[in-house]
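Step one of this worksheet: look at the structure below.
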Amino acid sequence: MSNSGKSRLAELIKSSLPNKIVNIICQDDYIHPQYEIPQIKNHIDWESPESINFVAFKEAILEAKETADLVIAEGFLAFYDPRINLLYDNKIFIKISKEIFLERKRKDHRWGKEPEWYIKHIWQCFLKNGQPLPDKKKPLTIDGDIKFDLKKIIEIMELS
């Protein structure tokens, strides 16, 4: 979910493994040009799966796996594409309450102040498209409303 701590957790994991080559692949770096992204109420719909170049995202993950000890692929729609899900050895899903999401998103002005209707749209898109797909590799689900227990996450994921 947006503002759940995905990027922060990825950076924390990377910094806690100084003896490993860790590459972080951020899905935000694989967004299509604005003119290719659908709009909703004359607003670019960044939350739409059509906003992401999943082919390039997958290629970046595969390339990173060739040279890194650990590849972290993170993004709002990181679990959306079933073909990309097959690449994941481990999965972490950060759940966040609607109340905390709304509070954090209303304070987040990195891209300007979002209209209230769009913030609610983000939540609906998360419910529709941002959930882990049902498969054999169940994700470790952690609570994004509270501070991460990094040591426990690394132990459970057997990353050290």
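Listing for the model above:
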item: Ratio of Rg to Rh over the range 25-76 (Cα coordinates, Kirkwood Rh, two decimals); result: 1.08
item: Cα centroid separation - the range 72-113 against the range 53-71, whole Å; result: 18 Å
item: The range 42-160, Rg to Rh (Cα coordinates; Rh as Kirkwood inverse mean 1/r); result: 0.98
item: Apportionment of accessible area to carbon and sulfur, the chain, percent (1.4 Å); result: 51 percent
item: Helix-derived mean residue ellipticity, 222 nm - over the chain, DSSP H n ≥ 4, -39500 (n - 2.57), to 500; result: -11000 deg cm²/dmol
item: Built amide H within the under 5 Å cut-off of ILE25, gap 5+; result: ILE72, ALA73, GLU74
item: Residue-normalised accessible area of the range 12-71, expressed per residue, 1.4 Å probe, Å²; result: 60 Å²
item: Point-to-point label distance, GLU158-ASN85, nm (Cα→Cβ direction, 7 Å offset); result: 2.2 nm
item: Cα extents of the range 8-50 along the three principal axes, largest first (Å); result: 47, 15, 12
item: Under 18 Å from LYS91, Cα to Cα: lysines that are on another chain or at least 8 residues apart; result: LYS6, LYS14, LYS58, LYS65, LYS136, LYS137, LYS138, LYS151, LYS152
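The values are calculated or read from the model by the stated rules, or taken from the named source; none is laboratory data. This is a predicted model, so every value here is computed, not measured. Every residue, glycine among them, receives a Cβ derived from its backbone with ideal geometry; neighbour counts consider all protein chains shown. When the accessible area is computed, the model is the full protein with side chains, heavy atoms only, and any ligands, DNA or RNA have been set aside. Shrake-Rupley method; radii C 1.70, N 1.55, O 1.52, S 1.80 Å.
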